[in-house]
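Questions regarding the structure given below will be posed in turn.
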Amino acid sequence: MNYPPHIWNQLRNLSADQIVTALEKSGWTRDEGAGNIYVYLHIATKRRITIHYHPKKSYGPKLLKELLADINWTEQELRKLKIVK
C-alpha cells in the first residue's frame with residue numbers, strides 16, 4: 001500500500017513495540033514464534049504475518065514498506081490506532 005508523504009514521514013520511525021501494540025489493538029493475535037520472530041494471525045481475514053521483533057528498534061524503509069503492505073492498514077485505520085495524526 002502506498003501512503004502519502006506526510007503519512008510515510010510519520011511511519012518511518014515506528015518501533016517494533018509500536019507495531020506489535022497496534023497489531024494487537026486491530027485484531028491480530030500472536031500465534032507462535034521462537035526468539036525474535038513473532039507470527040500473528042488475523043482471525044477475521046485469515047491472514048498471517050511474521051514480525052522480526054527487536055525491542056525499541058525501528059525497521060529500514062524497505063522492510064517497513066513490505067510489513068505494512070502485508071498488514072494492509074488503511075490511512076483511516078492508522079489514524080484510529082493513533083499511529084499517525
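Each value in this text was obtained by applying a stated rule to the coordinates, not by laboratory testing. Being a predicted model, the structure only gives us computed values, none of them experimental. Because the Cβ atoms are built from the backbone with ideal geometry, glycine has one as well, and the counts that use them run over all protein chains shown.
What is the helix-to-structure angle for 16-25, meaning the angle in degrees between its Cα long axis and the longest Cα principal axis of the chain, kept from 0 to 90 and rounded to the nearest 10?
80
Return a single number: how many Lys pairs in the chain, at a sequence separation of 8 or more or on separate chains, have alpha-carbon atoms below 22 angstrom apart.
Total qualifying Lys-Lys pairs in the chain comes to 18.
Another question about this same structure. For a paramagnetic label modelled at 7 Å from the Cα of His6 toward its Cβ, which residues of segment 56-81 fall within the zone defined by backbone nitrogen distances under 18 Å?
Zone members listed by number: 74-81.
Could I ask something else about it? At what distance in nm do the modelled label points of Asn13 and Glu66 sit from each other, each positioned 7 Å from its Cα along Cα→Cβ?
Distance between label points: 2.5 nm.
I want the local charge near Leu14. Using Cβ-Cβ distances under 13 Å, sum +1 for each Lys or Arg and -1 for each Asp or Glu among the other residues.
With Lys, Arg at +1 and Asp, Glu at -1, the neighbours total +4.
Moving to a separate point now. Would you please report the Å³ per residue occupied by the convex hull of the alpha carbon atoms in the chain?
Per residue, the Cα convex hull of the chain comes to 86 Å³.
Using the alpha-carbon atoms, what tilt in degrees (0 to 90, nearest 10) does helix 61-71 show relative to the longest principal axis of the chain?
Approximately 70 degrees, to the nearest ten.
How high is the relative contact order of the chain, in percent, with contacts defined as C-alpha pairs under 8 Å that are six or more residues apart?
After rounding, I find 34 percent.
Separate question: Order the peptides 34-43, 66-75, 14-23 from the highest to the lowest mean number of other Cβ atoms within 10 Å of their residues.
14-23, 66-75, 34-43
At Lys25 and Lys46, where each label point lies 7 Å from the Cα along Cα→Cβ, what is the point-to-point distance in nanometres?
Result: 2.9 nm between the two label points.
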